[in-house]
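Encoded as structure tokens, the structure appears first; notes follow it.
The values are calculated or read from the model by the stated rules, or taken from the named source; none is laboratory data. Note that the structure is a prediction, hence the values are computed from the model and not measured. Methodologically, a virtual Cβ is constructed for each residue, glycine included, from the backbone with ideal geometry; neighbour enumeration extends over all protein chains shown.
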Amino acid sequence: MTIVPLASRKNLASAPHPEPASSGPVSVGSFRAAMRQLPGGVSVVTSGRDGGRTGLVATSVSSLSAEPPTLMFGLNLASSTALVLRREGAFAVNFLAASQADVAERFSGRRGEKGEERYAGAHWSEGVTGSALLDGALASLDCEVEELIERHTHAIVIGRIREIRIGRQQPALIYRDGRFESSLSPQQSLPSVGLRAF
């Protein structure tokens, strides 16, 4: 991987920086408390095939590029999904609707479900890579792993999208402050501000 230095690095160095709140290291608890205040769209990442499937809930999914279509998300390297994803070289990202909070609960692992147990109670189909796509999701994106970038306890997974299925428009499931919630309904959404896609 090549890192290109910023041309105007000198200007950045002279910009004022706020003083840190404390001189000591930032605590893990404070960091987690702060990040819990950032609402995130809830996705279920699936990997593996029948009998060896697993998956997890992710709120870190983001588009990376439209040309070619790629996305990225953060993956805990200690998770069972990390092992399967490395082995398979493929995964799917399913954007959950507000009505699919039960799917999010199962894939979060809070109630102890593991592996194949997480797929119970929902209808799935197979994408082109063999990963599971959730029926009724807002959208499902079937991906091949393009790159894993390991940092600390996690990896940034970059996936090249091989198939997209788009569901019907409905409120999305979001996660904030330890709770799953519904987003604004399509009828209540804020007016468009004309942002360019990607």
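Yes or no, residue by residue, for (1) farther than 17 Å from residue 142 by Cα; (2) under 15 Å from the mean Cα position of the chain (by Cα); (3) among the hydroxyl-bearing types (Ser, Thr, Tyr):
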site: 25; (1), (2), (3): yes, no, no
site: 37; (1), (2), (3): yes, no, no
site: 40; (1), (2), (3): yes, yes, no
site: 45; (1), (2), (3): no, yes, no
site: 56; (1), (2), (3): no, yes, no
site: 67; (1), (2), (3): no, no, no
site: 108; (1), (2), (3): yes, yes, yes
site: 111; (1), (2), (3): yes, no, no
site: 116; (1), (2), (3): yes, no, no
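Name the strands (runs of 3 or more DSSP E) wholly within segment 108-198 that hold at least 2 residues that are of a type in the set (Lys, Arg) and either modelled with pLDDT of 95 or more or surrounded by 15 or more Cβ atoms within 10 Å (Cβ to Cβ) (or both)?
Numbers: elements: 124-126, 132-134, 139-151, 154-166, 173-176, 179-182.
So the answer is 154-166.
Being closer than 18 Å to residue 93 by Cα and touching a Phe, Trp or Tyr at 6+ places or on another chain (Cβ under 9 Å) is the filter here, so list the residues in segment 165-183 that pass it.
167, 172, 173, 174
So that you can scan it fast, the table gives a plain yes or no per residue for (1) in contact with a helix residue (DSSP H, G or I) (Cβ under 8 Å, 6 or more places away or on another chain); (2) over 22 Å from residue 99 (Cβ atoms); (3) among the aliphatic types (A, V, I, L, M):
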{"site": "37", "(1), (2), (3)": "no, yes, no"}
{"site": "41", "(1), (2), (3)": "no, no, no"}
{"site": "45", "(1), (2), (3)": "yes, no, yes"}
{"site": "62", "(1), (2), (3)": "no, yes, no"}
{"site": "77", "(1), (2), (3)": "no, yes, yes"}
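Looking at residue 74, is it more than 22 Å from residue 172 (Cα to Cα) and either at pLDDT 95 or above or not in a helix (DSSP H, G or I) (or both)? Working first, answer last.
Numbers: more than 22 Å from residue 172 (Cα to Cα): no; either at pLDDT 95 or above or not in a helix (DSSP H, G or I) (or both): yes.
So residue 74 fails the test.
So in segment 53-71, with the set limited to residues that are assigned to a loop (DSSP other than H, G, I, E, B) and touching a residue at least 60 places away in the same chain (Cβ under 8 Å), which one is surrounded by the fewest Cβ atoms within 10 Å (Cβ to Cβ)? Break it down into steps so the answer makes sense when it comes.
Step one: list which residues in segment 53-71 are assigned to a loop (DSSP other than H, G, I, E, B), which gives 53, 59-61, 67-68.
Next cut, touching a residue at least 60 places away in the same chain (Cβ under 8 Å) only: 53, 59, 68.
Values: 53: 21, 59: 18, 68: 9.
Looking at residues that are assigned to a loop (DSSP other than H, G, I, E, B) and touching a residue at least 60 places away in the same chain (Cβ under 8 Å), I get 68.
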